[in-house]
Structures are given as structure tokens and as C-alpha cells.
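The values are calculated or read from the model by the stated rules, or taken from the named source; none is laboratory data. Note that the coordinates shown come from a computational prediction; the quantities given were computed from them, not determined experimentally. Glycine gets a Cβ as well: all are built from the backbone with ideal geometry, and neighbour counts include every protein chain shown.
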Amino acid sequence: MKIICIGRNYEDHAKEMGSVIPKFPIIFLKPDSAILPKRNPFYLPDFSKEIHYEVELVYKINKVGKSIEKKFAKNYYHEIGLGIDFTARDLQKNCKEKGHPWEIAKSFDQSAVVGEKFIDVNSLGSVNFSLQKNNKVVQKGNANQMIFSIDEIISYVSKFMTLKIGDLIFSGTPSGVGPVKIGDELKGFIENQEIFKVKIK
Ligand code: MG
């Protein structure tokens, strides 16, 4: 399986990064080795001094598809979850300055937190989500604030790569990203349901 991530998909986050609003979805991948094993803590890696959390809605692909039209995209996912796109911000800055791909900043081991709980999309009216750090809300968003909707993302991504069953789409993060340190605890919520909890070690 692959993890497809969308960058700068919320206007307020693009602004906080000092970036322009994209005209097309910005895509990058994380390998399956990036997934943090269930209920494991996140161990700060030694190659970065600035690991940031980014909470994101995660869509699970349930059907193989290629060049999917937007109007049919809904048939390719039924469940929505929540995760963290951990980012080595210092390495990413460096890569961006040099115009290099930013994989080392985004695709390292444990960089993809995927909550165990997935929710049937049809059971959710609006999709509000939030992240708490040490019991304080640090990020919140709603699916309808995405610059590119999940249906547009599926249509766009599937022009370039075949979507397979079990692939995950990290759909971008709202504003409020920030650093973690040893001892922090992150909790993710969709509406009032806790979807994941991660300790930083
Ligand atoms: Mg992200």
C-alpha cells in the first residue's frame, strides 16, 4: 500500500508557512514503513531538532481505480480516519531552499500516525476534527475548508498513479502546526470521538 499526502490544502496553513495557495494539489508519498505501529509511542529521531505535528483527515481507498472522474470519486472511499503527518521541519526547510525533494523530512519511520478507528463517511454530517497537545486544542479544522476536496484529490492523483485497495490519502493540515518534545501527548478527534493518542518519547 502507499500513503499519498497532500500539501498546503488549507488556506490558513499555507499562509502560516508563508506559501502561496496552490493551483493544483501538491502530492508527496510516504512509504508503508513510515506507519507508526499501533499504540506505540513516537520516539524523536536524532536527525532532526524540529519535529512538527500536522493533524490530517485520512481517507481509505476501497476500490482499485485509475483516471477517476470527480463525479465517481465517492465510490472509491467509504471510511474516514485521522492521522498525523510528522514532519522534520528543519530538514524540510533545507530541502525547499535547495529545491530538492523533501522525502527525508516526511517519509521517515514513524512519520505517519494512522488512528485505529475509521468512521463510515455516510454516518458523518460535517467532519470537524481537532488535535490536542497535552489536553489543549492546538489544531482544528473541517473537511469543507480543504482547498481541494477529497473527490478532486482522488480524480487528480489517479491521473498519475493507480489507486489500490488500502491506500491512504492524508488530505492536508489546517493551521496551528508546531513542535513536539519528549513527554508531550497528542490526541486526535473527529467530532467528539477520540481517534488516536500518541506519547512522544
Ligand atoms: Mg501534511
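Would you mind finding the one in Tyr10, Tyr43, Tyr53 that is at pLDDT 95 or above, touching a Pro at 6+ places or on another chain (Cβ under 7 Å) and under 19 Å from Val177 (Cα atoms)? Break it down into steps so the answer makes sense when it comes.
On the way: Tyr43 fails: touching a Pro at 6+ places or on another chain (Cβ under 7 Å); Tyr53 fails: touching a Pro at 6+ places or on another chain (Cβ under 7 Å).
Of the residues listed, the single one that is at pLDDT 95 or above, touching a Pro at 6+ places or on another chain (Cβ under 7 Å) and under 19 Å from Val177 (Cα atoms) is Tyr10.
So which residues in the range 2-32 are surrounded by 13 or more Cβ atoms within 10 Å (Cβ to Cβ) and part of a loop (DSSP other than H, G, I, E, B)?
Lys2, Arg8, Asn9, Met17, Ser19, Pro22, Pro25, Pro31
Which residues, taken from the range 146-201, are over 13 Å from Lys66 (Cα atoms), of a type in the set (Gly, Ala, Ser) and crowded, with 19+ Cβ neighbours inside 10 Å?
Passing the criteria: Ser171, Gly172, Gly176, Gly188.
Each row is one residue, and each column tells you yes or no for (1) over 26 Å from Lys199 (Cβ atoms); (2) in contact with a strand residue (DSSP E or B) (Cβ under 6 Å, 6 or more places away or on another chain).
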position	(1), (2)
Tyr43	no, no
His52	no, yes
Leu82	no, yes
Lys98	yes, no
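If I go through the range 159-188 residue by residue, how many of them are closer than 20 Å to His52 by Cα and not in a loop (DSSP other than H, G, I, E, B)? Write out each step before concluding.
Residues of the range 159-188 that are closer than 20 Å to His52 by Cα, as a first pass: 169-188.
Going one step further and asking which of them are not in a loop (DSSP other than H, G, I, E, B), we end up with 169-170, 178-179, 185-188.
So the answer is 8.
Okay, residues lined up against (1) among the polar types (S, T, N, Q); (2) modelled with pLDDT of 95 or more; (3) touching a strand residue (DSSP E or B) at 6+ places or on another chain (Cβ under 6 Å):
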| position | (1), (2), (3) |
| --- | --- |
| Ser107 | yes, yes, yes |
| Ile119 | no, yes, yes |
| Gly125 | no, no, no |
| Asn135 | yes, yes, no |
| Lys140 | no, yes, yes |
| Asp151 | no, yes, no |
| Ser155 | yes, yes, no |
| Met161 | no, yes, no |
| Lys164 | no, yes, no |
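Could you say which residue among Asn62, Asn94, Asn9 is more than 15 Å from the ligand (Cβ to nearest atom) and in contact with a strand residue (DSSP E or B) (Cβ under 7 Å, 6 or more places away or on another chain)?
Values: Asn94 fails: in contact with a strand residue (DSSP E or B) (Cβ under 7 Å, 6 or more places away or on another chain); Asn9 fails: more than 15 Å from the ligand (Cβ to nearest atom).
Testing whether each residue is more than 15 Å from the ligand (Cβ to nearest atom) and in contact with a strand residue (DSSP E or B) (Cβ under 7 Å, 6 or more places away or on another chain) leaves just Asn62.
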